[in-house]
Every structure is written in C-alpha cells, then in structure tokens.
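The values are calculated or read from the model by the stated rules, or taken from the named source; none is laboratory data. The model shown is predicted, which means the values in this text are computed figures rather than measured ones. Virtual Cβ from ideal backbone geometry, glycine too; neighbours counted across all protein chains shown.
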Amino acid sequence: MRIYKEFTFEGAHFLPSAPEGHPNGRIHGHSFRVRVSVDGEPDPETGLLVHFDDMKAALEDARGTLDHNFLNDIAGLENPTLELISRWLWDRLHNRVQGLAEIAISRDTCGEGCVYSGPDTSAH
Ligand SMILES: [Zn+2]
C-alpha cells in the first residue's frame, strides 16, 4: 500500500546546461509540486500506514529551504533540473521519512515532471 503527502513551493532557477540562447538558460520561476510517497501496511490498531504528522517536519524543512529561493544557490542544486531536485529531496528525506518509496515533482504550468524511486541498488 502506498500513501502520499504533497507540498508546493515557488522557486527561481536557470539551467547551466541549457544551450546558448535557450530560455532555460535565463533566470525564471516555477510553481513546483512535490509528492512524497511511503510504502507499507496499515497498523492493525490505528489503520494508518504512517501518521501524516510524522512526515510533516521533514517535509516542512525541505520546503523551507526551497520555497521562494534561487535554487541554483542551494548546496547540491547548482544544476536544479527536476531530476536533480528529486534526488536532492530523496537524499534529504530518506533518513527522516520511514518507508520512503518515491519522490515525484512537477511544474504546475508545463505538464512536465520527474518520478524518482531512489538510487538503483539492483547492481549491488
Ligand atoms: Zn525552469
């Protein structure tokens, strides 16, 4: 079973890898939506997989760092693509959100997003 909690943030960025003259190379902003999913089984007593309040502090910390910020200035987000923001969020949350299964991030206006299920450990 999978549950999720969402939050949104506003952020400005540019993509250093954008080709010369491409709009992504200029500073611009997005409304981002993040969905944090947790896998598990509901507790027989409470009927809850995890109490949403238990995820709240970790998600608020992450949101507080990202919201109304210039993402390129944040350590680890010098190249703030959806892919690397997803990984940054995973690295930040996986020790604090028990059962973390997936980070999904999208930009409200573009219909584009990224879904990350953590590092690929199948090779190990
Ligand atoms: Zn952008």
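Listing for the model above:
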quantity: Candidates ARG26, ARG2, filtered to the one that is among the basic types (Lys, Arg) and within 15 Å of the ligand (Cβ to nearest atom); calculated: ARG26
quantity: Some residue of segment 9-17 being in contact with an Asp or Glu (Cβ under 6 Å, 6 or more places away or on another chain) and of a type in the set (S, T, N, Q); calculated: no
quantity: Lone unmet requirement of (1) under 20 Å from the mean Cα position of the chain (by Cα); (2) part of a loop (DSSP other than H, G, I, E, B); (3) among the acidic types (Asp, Glu) for GLU10; calculated: (2)
quantity: Test: residue in segment 73-88 that is outside any loop (DSSP other than H, G, I, E, B), closer than 16 Å to GLY118 by Cα, more than 12 Å from the ligand (Cβ to nearest atom) and of a type in the set (Phe, Trp, Tyr); calculated: yes
quantity: Search result, residues across segment 29-72 that are among the β-branched types (Val, Ile, Thr) and more than 16 Å from the ligand (Cβ to nearest atom); calculated: VAL36, VAL38, THR46, VAL50, THR65
quantity: Every pair of residues 6+ apart whose Cβ atoms lie under 6 Å, when the first sits in segment 90-117 and is under 18 Å from LEU77 (Cβ atoms) and among the polar types (S, T, N, Q) while the second is modelled with pLDDT of 95 or more and within 16 Å of the ligand (Cβ to nearest atom); calculated: SER106/ARG33; SER106/GLY113
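Residues are listed down the side, and each one gets a yes or a no for (1) assigned to a helix (DSSP H, G or I); (2) without any contact (Cβ under 8 Å) to a residue 12 or more places away in the chain:
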| residue | (1), (2) |
| --- | --- |
| ALA18 | no, yes |
| ASN24 | yes, yes |
| VAL34 | no, no |
| ASP43 | no, yes |
| THR46 | no, yes |
| ASP61 | yes, no |
